[in-house]
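This report refers to the structure that appears directly beneath it.
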Amino acid sequence: MIRRREFITLLGGAAAGLPLAARAQHSGMPIIGFLNPASSEGSGDRLRGFRLGLKETGFVENENVAIEYRWADHQLDRLPAMAADLVSRHVAVIATTAPASTYAAKAATATIPIVFLVAEDPVKLRLVVSLARPNENLTGINFLSAELVAKRLELLREIVPAANRVAVLVNPANTMITEPTLRELEPAARAMGLQTQILNASTSAEINVAFATLAQDRADALFVAGDPLFGNRRVQLVNLASRYAVPATFSLREFAEAGGLMSYGADIAESFRQVGAYAGRILKGAKPTDLPVVQAAKFNLVINHESARMLGLTVPPTLLARADEVIE
């Protein structure tokens, strides 16, 4: 006969051998599905922001909430199966961090709440019918990267006033970001009298080829689209921009921190915090329709002055004065 203590030990061992979702369900702990089209590499600050938002609403990972992470490693065709898997595990809410993962989650469930993070107007993306009162099971955060494309190009021209030809690096595999980027950029470039050269890259090797091409074609500057692939490859991009001595603009502060010339955009870690906070509020009983879509209100211009000097650029004093941060 198995004594009571041995029986409890056996039960505990069996639970430990179960998948995270099963263990969470066994303990009555709610589960959040986290669906990301990129990779976990270099995502530490963003995940810290997400967990901070959860903590602000009373949830701490592995204490009173479990998180099932799904990373597609830039293979967007994997997202539908990953979303379906999260639904099959009966998660309480799904956090998505790009249009591709949001569409995959939306197709997988019409009932589980979804908190998204997107870079373009979600009404235009047909994710919600209204920002103030989202429909169905979706709400989230818009950090307005697509809407800032023209402004980023204008700032690049300001720091490189002699530029005539600008190379534009995009990821053709991610049309949901590439198409709105080019839709905003091309008329803005024409208005400034700039020629554009579109460079495609969907892998690390293709990024290397793209830089060799822009050097051969003597591009005066580089505009990097705000794509998750490029975020994961930011060190590679910054190093190549330095090697080929091309002034480049990026959408996130992380690039300027890594040595990139300049960035202009919302604080991505703060956006992830807001996603975590909304996920926590839903766990507490809020409905997506009661949570208005949050639009980023503050955008930071970060200039890496040391990188500018290495490129032989003199940053206009007026631009330095407008910068939210100057990295020396």
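Let me spell it out: the conditions are (1) at pLDDT below 95; (2) assigned to a loop (DSSP other than H, G, I, E, B); (3) of a type in the set (G, A, S), and G193 meets all of them except one. Which number is the exception?
Going through the list (1) at pLDDT below 95; (2) assigned to a loop (DSSP other than H, G, I, E, B); (3) of a type in the set (G, A, S), G193 breaks only (1).
Among (1) among the hydroxyl-bearing types (S, T, Y); (2) assigned to a helix (DSSP H, G or I); (3) touching a Pro at 6+ places or on another chain (Cβ under 7 Å), which single condition is S202 missing?
Of everything listed in (1) among the hydroxyl-bearing types (S, T, Y); (2) assigned to a helix (DSSP H, G or I); (3) touching a Pro at 6+ places or on another chain (Cβ under 7 Å), S202 misses just condition (2).
Please work out which residue is modelled with the lowest pLDDT, limiting yourself to segment 136-165 and to residues that are out of contact with any Ser or Thr (no Cβ under 7 Å at 6 or more places or on another chain) and within 22 Å of I94 (Cβ to Cβ).
E136
Within the group S271, S263, which residue is in contact with a strand residue (DSSP E or B) (Cβ under 8 Å, 6 or more places away or on another chain) and either over 22 Å from F50 (Cα atoms) or part of a strand (DSSP E or B) (or both)?
S263
Quick one: is I141 among the aliphatic types (A, V, I, L, M), surrounded by 23 or more Cβ atoms within 10 Å (Cβ to Cβ) and not in a loop (DSSP other than H, G, I, E, B)?
Numbers: among the aliphatic types (A, V, I, L, M): yes; surrounded by 23 or more Cβ atoms within 10 Å (Cβ to Cβ): yes; not in a loop (DSSP other than H, G, I, E, B): yes.
Taking the combined requirement at face value, the residue satisfies it.
Considering every residue within segment 106-114, establish whether at least one is surrounded by fewer than 16 Cβ atoms within 10 Å (Cβ to Cβ), out of contact with any strand residue (DSSP E or B) (no Cβ under 9 Å at 6 or more places or on another chain) and modelled with pLDDT under 95. Break it down stepwise before answering.
At the first step, the residues of segment 106-114 found to be surrounded by fewer than 16 Cβ atoms within 10 Å (Cβ to Cβ) are 107, 110-111.
Next, only the ones that are out of contact with any strand residue (DSSP E or B) (no Cβ under 9 Å at 6 or more places or on another chain) stay: 107, 110-111.
So of that shortlist, the ones also modelled with pLDDT under 95 come out as none.
Scanning segment 106-114 turns up no residue that is surrounded by fewer than 16 Cβ atoms within 10 Å (Cβ to Cβ), out of contact with any strand residue (DSSP E or B) (no Cβ under 9 Å at 6 or more places or on another chain) and modelled with pLDDT under 95.
Which condition does L320 not pass, out of (1) assigned to a helix (DSSP H, G or I); (2) under 21 Å from V149 (Cα atoms); (3) within 15 Å of the chain's Cα centre (by Cα), if it passes all the others?
Failing condition for L320: (3).
Looking at F223, F255 in this structure, which one is closer than 20 Å to L156 by Cα and part of a helix (DSSP H, G or I)?
F255
Filter segment 207-217 for residues that are in contact with a strand residue (DSSP E or B) (Cβ under 7 Å, 6 or more places away or on another chain) and either assigned to a strand (DSSP E or B) or not hydroxyl-bearing (S, T, Y) (or both) and give the result.
A210, L214, D217
I need the full set of residues from segment 274-298 which are in a loop (DSSP other than H, G, I, E, B) and either crowded, with 20+ Cβ neighbours inside 10 Å or not hydrophobic (A, V, I, L, M, F, W, C) (or both), in order please.
Result: K284, G285, K287, P292, V293, A296, K298.
Of everything in segment 164-181, what is in contact with a Pro (Cβ under 8 Å, 6 or more places away or on another chain) and surrounded by 24 or more Cβ atoms within 10 Å (Cβ to Cβ)? Give them in sequence order. Outline the logic, then answer.
Taking segment 164-181 and keeping what is in contact with a Pro (Cβ under 8 Å, 6 or more places away or on another chain), we get 174, 176-178.
Hit for segment 164-181 is I177, nothing else.
When you check A245 against the structure, is it more than 30 Å from I32 (Cα to Cα), in contact (Cβ under 8 Å) with a residue 40 or more places away in the chain and of a type in the set (A, V, I, L, M, F, W, C), yes or no?
It is true that A245 is more than 30 Å from I32 (Cα to Cα), in contact (Cβ under 8 Å) with a residue 40 or more places away in the chain and of a type in the set (A, V, I, L, M, F, W, C).
Can you tell me which residue in segment 230-260 is farthest from V302 (Cα to Cα), limited to those that are buried (at least 23 other Cβ atoms within 10 Å of the Cβ) and among the aromatic types (F, W, Y)?
Per the criteria, the residue is F230.
The values are calculated or read from the model by the stated rules, or taken from the named source; none is laboratory data. Nothing here was measured: the structure is a model prediction, and the numbers come from that model. Because the Cβ atoms are built from the backbone with ideal geometry, glycine has one as well, and the counts that use them run over all protein chains shown.
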